[in-house]
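S.K.: Pasting in a structure now, in structure tokens, and then I'll have a few things to ask.
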Amino acid sequence: MSLSVLSRKEKEKVIRRLLIQAPPGEFVNAFDDLCLLIRDEKLMHHQGECAGHQHCQKYCVPLCIDGNPVLLSHHNVMGDFRFFDYQSKLSFRFDLLQNQLRDIQSHGVIRNETEYLRSVVLCALKLYVHDHYPNGNCNVLRKTVKSKEFLIACIEDHSYDNGQCWNGLWKSKWIFQVNPFLTQVTGRIFVQAHFFRFVNLHIEISKDLKESLEVVNQAQLAISFARLVEEQENKFQAAVLEELQELSNEALRKILRRDLPVTRTLIDWQRIISDLNLVMYPKLGILTRPIVLSVNSQLKSLTVTGKQSVDLILQSRFIYKGK
């Protein structure tokens, strides 16, 4: 259906859905492409602001405020498209299209035991991220739910290289309640890669975790938490690499490469190519079909649909975690 026959509400819905689907690091590119199709600057600006706000929350977009890294997520959203940073004690709006902070306001933070614990956990987490990620960012947030205090730790690292036709993101989130004696940590590790040279290849892998930690004092809790994150992320990385190695050795050969029948006759490849160009691609050029890969949370199965060679998985080196 042509966009010209859609109502304004239908256009807004389509635009927002397409922008939200943009892979990490490609939001501005998707916005610029849609602008060429829609040709409605006011409509695109409004939808770009709304979708950009959701994109920042979904992919933990990193910023730098007063020399300190800040990760945007739905945990530090204040409403009215505003975010809050505990480290600088500032709230602000962030324009993803212009990569600018706007409407910055100062806020006070109550200095209680939870705030001191947040600072200690952040210090321990920064040491871990510095040792294991080439350009990693981390942040620790506070949240109160029904009079219960929670700490939320977020880690993010990415490599965006549109020139080489691939982008990759690693992020994880860890939440635990501030309890005496024992606390339960819930975490989620998420990896996404997009490779778009010769083929449209998307990879998304995630895993949910639950572990318990003993609580003796703030320093001990912070160190134990950082060690827990290190142990679980190292296990996840090793499992992903092993799964992809098995996939590249066996599954891709069976799924993506089909054996030719043995006819004992010569094949006229030039004629086949000419026929394909005339019938399938008369004026549009060659279009590639997407490949979609998905891995279950236990890393026990990997599903592939599409066509391409085995080497694509190995070329999209989205696992860039260090030591």
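The values are calculated or read from the model by the stated rules, or taken from the named source; none is laboratory data. None of these values were measured; they are calculated from a predicted model. Here the Cβ positions follow ideal geometry from the backbone for every residue, glycine too, while neighbour counts run over all protein chains shown. Heavy atoms of the whole protein, side chains included, go into the accessibility calculation; ligands, DNA and RNA do not. Shrake-Rupley method; radii C 1.70, N 1.55, O 1.52, S 1.80 Å.
S.K.: Residue-wise, which Karplus ³J(HN,Hα) couplings in Hz belong to the range 105-117, taking 6.51 cos²θ - 1.76 cosθ + 1.60, θ = phi - 60°, and x for glycine or proline?
M.R.: Working through the residues one at a time gives 9, 8, 9, x, 10, 5, 8, 10, 4, 5, 5, 5, 5 Hz.
S.K.: Tabulate in residue order the Karplus-calculated ³J(HN,Hα) for the range 133-147, using 6.51 cos²θ - 1.76 cosθ + 1.60 with θ = phi - 60°, rounded to whole Hz; enter x for Gly and Pro.
M.R.: Result, rounded to whole Hz: 10, x, 9, x, 10, 8, 7, 10, 10, 10, 8, 10, 10, 6, 6.
S.K.: Need one number: convex hull volume per residue for the range 8-106, Cα atoms only, in Å³.
M.R.: Here the figure is 97 Å³ per residue.
S.K.: What is the projected area of the convex hull of the Cα atoms of the range 61-105, averaged over all directions, in nm²?
M.R.: Mean shadow area of the hull around the Cα atoms is 3.0 nm².
S.K.: Computed FRET efficiency, Cβ-Cβ of Q105 and C50, R0 30 Å: what is it to the nearest 0.05?
M.R.: Values: r = 21 Å, r/R0 = 0.70.
It comes out at approximately 0.90.
S.K.: In addition: Can you figure out the FRET efficiency of Q98 with K13, using R₀ = 22 Å and their beta-carbon distance, to the nearest 0.05?
M.R.: Efficiency, from the Cβ-Cβ distance: 0.35.
S.K.: Rg over Rh of the range 111-243, using C-alpha atoms and the Kirkwood radius, what does it come to?
M.R.: 1.04
S.K.: Which one, L72, L18, L97, projects farthest toward the positive side of the charge dipole computed for the range 8-106 from Cβ point charges (K/R +1, D/E -1)?
M.R.: With unit charges placed on the Cβ atoms, the residue in question is L18.
S.K.: Which trypsin sites (Lys or Arg not before Pro) in the range 108-157 sit in a loop by DSSP (not H, G, I, E or B) and have at most 15 other Cβ atoms within 10 Å of their own Cβ? Please list the in-between numbers first.
M.R.: Details: sites: R111, R118, K126, R142, K143, K146, K148; in loops: R111, K146.
Filter output for the range 108-157: R111, K146.
S.K.: First check a/c for the range 86-169, with a ≥ b ≥ c the square roots of the eigenvalues of its C-alpha gyration tensor; if it is under 1.5, answer rounded, and if not, answer prolate when a/b is larger than b/c or oblate otherwise.
M.R.: Oblate.
S.K.: When only the heavy atoms of the protein chains count and the probe is 1.4 Å, how do L6, L127 rank by accessible area, highest first?
M.R.: Highest to lowest solvent-accessible surface, that is L127, L6.
S.K.: Further, regarding this structure: Just to verify a number: FRET efficiency for M78 and V5, C-beta to C-beta distance, R0 = 56 Å, to 0.05? Working shown, then result.
M.R.: Values: r = 39 Å, r/R0 = 0.70.
The formula returns an efficiency of 0.90 here.
S.K.: Shifting gears a bit: Could you give the size of the charge dipole of the range 51-116 about its Cα centre, using +1 on the Cβ of each K and R and -1 on the Cβ of each D and E, expressed in debye and rounded to the nearest 20?
M.R.: In total the dipole reaches around 120 debye.
S.K.: Could you tell me, in Å, what Rg and Dmax come out for the Cα atoms of the range 120-184?
M.R.: 15.3, 51
S.K.: A follow-up question, please. Which value, in Å² rounded to 10, gives the accessible area of E230 with a 1.4 Å probe and all protein chains present?
M.R.: Accessible area, nearest 10 Å²: 60 Å².
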